[in-house]
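> The following block contains the structure, expressed as structure tokens.
FYI, it's all coordinate maths here, none of it is from the lab. Note that the coordinates shown come from a computational prediction; the quantities given were computed from them, not determined experimentally. Note that we place each Cβ from the backbone using ideal geometry, even for glycine, and neighbour counts take in every protein chain shown.
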Amino acid sequence: MALPAVHRDPALPERVTIYEVGARDGLQNEKGVIGLDTKLEFVQRLTGAGLPIVEATSFVHPRWVPQLADAADLVARLDLHGTTPYPVLVPNERGLDRALEAGVTHVAVFASATETFAEKNLNSTYETQFAMFEPVVSRALEAGLKVRAYLSMCFGDPWEGEVALDRVVTAGKRLLDMGAYELSLGDTIGVGTAHHVEALLDAFGEAGVSTGSSDGSSRLAMHFHDTYGQALANTYAALRKGVTTFDASAGGLGGCPYAKSATGNLATEDLVWMLDGLGIAHGVDLAGLAQTSAWMAQQLGRPSPSAVVRALTTA
Ligand code: MG
């Protein structure tokens, strides 16, 4: 079914970048191990569907995430110098060493806005995580890589409850000041709501971090989870604040292995459907993407949690 032609509200961005995380954030949460060929086909199909950036895997220690133990093998089979970047996560200098050996062009580090999650996800503390990432970021920049930073638990933490805006802004600025080109603000457990999104983006704006899109200088991306059904409403709130990069996971795969209540990344298809309706350009072939997610759902043996995938396919 096609949507009626729409006229974009001039208050919304003309175009957004969808940062696809399904192959990493999605598959790292699978209980079973997925074969290398299936992962490779997934990444290639996502690329073929027009996703402009496809996070491929993570160079964390295989003991932490055995699902991605084949990271180097996967990266070796990707075209790292084509038009689509394939970022990989690196938790520490050892991970960066492996990523450099593999020849990647983009890496991402992942920090926590809260103390408890820094301990659980990074085996660190809130403060020491920055000391851990500093040499990772500086060495990556020296090697000519682009570095993205994720910040988790920006809206709430399952152990600590509410997370203060200024805590998120302080942590986020430290990551940007290290030299990350972009900061992805994660609602890891999906508890955020639209006015909270606005308040957080306003707080970044007051601290001098632009969220506006008109000059292309925005360094903030949003990473919403649909745990409480708020991901699209939150996306819309962020669009109205000028954010132009959104993380999403094909078919809604994934969550977070170290936070039990974190389920359901925003499905890329759900995001694309809304952007189409708003008249915002994104460059993604929705039909091809939904078919890819239906195929992956078959590989995983369960239906996609994405409403749009279910509506568009019979998987
Ligand atoms: Mg996620």
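> Starting with the highest mean, order 19-27, 284-292 by the number of other Cβ atoms within 10 Å, averaged over the residues of each peptide.
Numbers: 19-27: 27.1, 284-292: 19.8.
Descending mean neighbour count gives 19-27, 284-292.
> Ranked from highest to lowest mean number of other Cβ atoms within 10 Å per residue, what is the order of the peptides 96-109, 264-277, 295-308, 134-147?
Packing proxy ranking, top to bottom: 264-277, 96-109, 295-308, 134-147.
> While we're on this one: By its C-alpha gyration tensor, with a ≥ b ≥ c as the square roots of the eigenvalues, how is the stretch 4-126 shaped: rounded for a/c under 1.5, else prolate for a/b larger than b/c, else oblate? If you can, show how the numbers build up before the last one.
Numbers: a/c = 1.90, a/b = 1.31, b/c = 1.44.
Here the stretch 4-126 falls in the oblate category.
> Could you tell me the calculated FRET efficiency between THR170 and GLN298, based on Cβ-Cβ distance and R0 = 45 angstrom, to the nearest 0.05?
Here the calculated transfer efficiency is 0.50.
> Read phi for every residue in the stretch 164-177 and hand back ³J(HN,Hα) as whole Hz from Karplus 6.51 cos²θ - 1.76 cosθ + 1.60, θ = phi - 60°, with x for Gly and Pro.
In residue order, the calculated couplings are 5, 4, 5, 5, 5, 5, 4, 5, x, 5, 4, 5, 5, 5 Hz.
> From the square roots a ≥ b ≥ c of the eigenvalues of the alpha-carbon gyration tensor of the stretch 17-313, which class results: rounded (a/c under 1.5), prolate (a/b over b/c), or oblate?
Here the stretch 17-313 falls in the rounded category.
> Further question on the same structure: List the residues, sorted by chain then number, that are 5 or more residues from TYR150 or on another chain and whose placed amide H is less than 5 Å from its amide H.
HN-HN under 5 Å from TYR150: VAL109, PHE110, ALA111, SER184.
> Counting only residues 5 or more places away or on other chains, whose amide H sits under 5 Å from the amide H of ASP226 once H atoms are built in the peptide plane?
Residues meeting the criterion, in which the H sits 1.01 Å from N, are ASN265, LEU266.
> Could you sort the peptides 151-158, 31-38 by per-residue average Cβ neighbour count (10 Å cutoff), highest mean leading?
Answer by packing, highest mean first, reads 151-158, 31-38.
> Using a simple charge model, +1 on the beta-carbon of Lys and Arg, -1 on the beta-carbon of Asp and Glu, nothing else, what dipole does the chain show about its Cα centre, in debye to the nearest 20? Working shown, then result.
Values: 23 positive and 36 negative charges, 88 e Å.
In total the dipole reaches around 420 debye.
> In whole Hz and in residue order, list the ³J(HN,Hα) couplings for the stretch 24-33 that follow from phi through the Karplus curve 6.51 cos²θ - 1.76 cosθ + 1.60, θ = phi - 60°; x for Gly and Pro.
9, 5, x, 6, 5, 9, 6, 5, x, 8
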